[in-house]
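Everything below concerns the one structure shown next.
Laboratory data are not the source of any read-out in this text; all were calculated from the coordinates shown. In this text, all values refer to a predicted model and were calculated from it rather than measured experimentally. So basically every Cβ, Gly included, is an ideal-geometry build from the backbone, and we count neighbours across all protein chains shown.
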Amino acid sequence: MCVDDVVAALDCGSNSTRLLVADAKGALRRSMHITRLSEGVDATATLLETAMQRTFDVLGEYRRSMDELHVSRGLLVATSAVRDARNGEEFLDRARQVVGVDAKILDGKEEATLSYQGATIGLAPDPRATLILDIGGGSSELAMMSDGALVSFSMQLGCVRVTERALGSAVVDEAHDQAARTMIDTELDRAFSLVPAFTQVIANVRLVGLAGTVATLAQLDAGMSTYQRELVHHRVLDRACVERWRETLASESPQERLGHPGMVVGREDVLTAGLYVLAAVMDRFGAADLLTSENDILDGIAQSLLA
């Protein structure tokens with residue numbers, strides 16, 4: 001590693017497109033735009049041209065930031081939406097041309113590994129098992145260390161996917177509530193069946209939540225109209241907080257949700273579904289609270305590039 005190295009980590013997620021520029025001393029710039037790349041993917045298994053173009057426009061902006069900060073190398077990763085799409089490789093080729101760095105589609109295990117590495121940077125030791133939950137737009141990753149090895153599971157549950165398939169974006173009625181709960185419980189059953197180590201940490205886990213759903217919940221809890229990383233990062237949210245906000249947002253229209261200080265524009269139609277996933281995971285693991293982390297997959301990528 002060169003001490004003057006400046007690297008860029010880019011994440012084309014299902015709901016947002018993000019950039020982290022960092023050097024050996026830490027982050028130089030973080031940027032996020034809601035691009036909803038996964039629009040319609042769950043139903044058609046195809047990335048829409050309009051959704052791809054929204055993402056390419058943001059990536060072009062990020063390329064200019066990278067030039068300004070003298071980035072020497074970088075990596076762009078794509079996750080659930082691109083994994084699930086028939087034209088995912090086409091998207092990746094075009095994205096690579098826009099940003100001028102290597103690009104790859106992560107499988108669920110790679111995504112969970114990088115998320116775990118990023119989320120655990122700077123965490124204090126804890127006698128409990130540390131379990132990370134990364135709620136994305138199309139998938140949600142669970143990962144923890146067990147007997148010295150990382151075990152993980154990528155659930156086909158994300159705030160966009162659950163919204164489009166089960167919950168809807170309007171005021172939640174009983175039928176949609178039950179459909180979402182069934183969808184989430186089915187995936188959690190599958191996770192516990194395929195990763196027996198998860199059963200060993202029930203009621204003895206430090207749950208660390210990351211990505212947009214958790215960050216927005218932390219902002220709502222703090223009532224902050226303007227994002228302040230220091231108030232969101234490593235904030236403790238208890239189970240009652242999650243339930244309170246899930247019930248509040250479920251009873252409102254997307255437009256009404258925008259009235260809450262801390263609501264991020266572009267998440268008002270999908271955040272409720274993300275909170276359904278979060279509440280179910282906390283219940284299944286017996287977690288009384290959640291530690292938020294603004295360090296995530298981007299930090300894991302940057303760390304690997306600088307190693």
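Counted over region 260-307 with a bin width of 10 Å, the fraction of Cα pairs per bin, in whole percents, is 19, 33, 35, 13, 0.
Result for the chain in a Gaussian network model with C-alpha springs under 10 Å: among L207, L28, L271, the largest mean-square fluctuation is at L28. In region 120-296, the DSSP beta bridges split such that about 60 percent are antiparallel, to the nearest 5. What value does region 1-53 have for Rg/Rh, both radii from Cα atoms and Rh as Kirkwood defines it? Here Rg/Rh amounts to 1.18. For region 120-296, the Cα gyration tensor yields ellipsoid semi-axes of 25, 20, 12 Å (square root of five times each eigenvalue, largest first, whole Å). The convex hull defined by the C-alpha atoms of region 7-105 has an orientation-averaged projected area of 5.4 nm². Relative contact order, whole percent, for the chain stands at 20, derived from Cα pairs under 8 Å and 6 or more residues apart. Sequence-ordered 3J(HN,Hα) estimates for region 139-144 from the Karplus curve with 6.51, -1.76 and 1.60 and θ = phi - 60° stand at 9, 9, 9, 10, 8, 7 Hz, glycine and proline given as x. Approximating the spin labels as points 7 Å out from Cα along Cα→Cβ, the Y227-to-Q255 distance works out to 2.6 nm. At an R0 of 35 angstrom, the distance between the Cβ atoms of S146 and Q53 translates into a FRET efficiency of 0.25.
Binning all Cα-Cα separations of region 136-227 at 10 Å, short to long from zero, yields these whole-percent fractions: 14, 37, 35, 13, 1.
Membrane-span-like helices in the chain (whole DSSP H runs, Cα extent of at least 24 Å along the helix axis, mean Kyte-Doolittle hydropathy of at least 0.5): none found. A simple charge model with +1 on the Cβ of Lys and Arg, -1 on the Cβ of Asp and Glu and nothing else charged puts the dipole of region 133-181 at about 100 debye relative to its Cα centre.
Under 16 Å from a label point set 7 Å out along the Cα-to-Cβ vector of E61, the amide N atoms of region 12-44 belong to 12-13, 15-21, 29-37. How many angstrom lie between the Cα centre of region 130-155 and the Cα centre of region 252-307? Spelled out, the Cα-based centre of one part sits 14 Å from the other. Our analysis of the chain gives Rg over Rh at 0.94, with the two radii drawn from alpha carbon positions and Rh computed by the Kirkwood formula.
Build a GNM of the chain with springs between Cα atoms under 10 Å apart, and of A170, A273, A218 the one that fluctuates most is A170.
Using a simple spin-label model with pseudo-atoms 7 Å out from Cα toward Cβ, R94 and S304 lie 2.5 nm apart. Among T46, T226, T120, the residue with the largest mean-square fluctuation in a Gaussian network model of the chain, with springs joining Cα atoms closer than 10 Å, is T226.
Based on DSSP H segments of at least four residues, each scored -39500 (n - 2.57), the chain has a per-residue ellipticity at 222 nm of -13000 deg cm²/dmol. Cβ under 12 Å from I121's Cβ, I121 left aside: what net charge do those residues give with Lys, Arg +1 and Asp, Glu -1? Local charge sum for I121: -3. Taking Cβ atoms as reference points and 15 Å as the exclusive limit, the residues near M155 contribute a net charge of -3, counting Lys and Arg as +1 and Asp and Glu as -1. Anisotropy class assigned to region 232-274 is oblate, per the alpha carbon gyration tensor with a/c at or over the 1.5 cut-off and a/b no larger than b/c. Using the alpha carbons alone, the radius of gyration of region 53-111 stands to its Kirkwood radius in an Rg to Rh ratio of 0.99.
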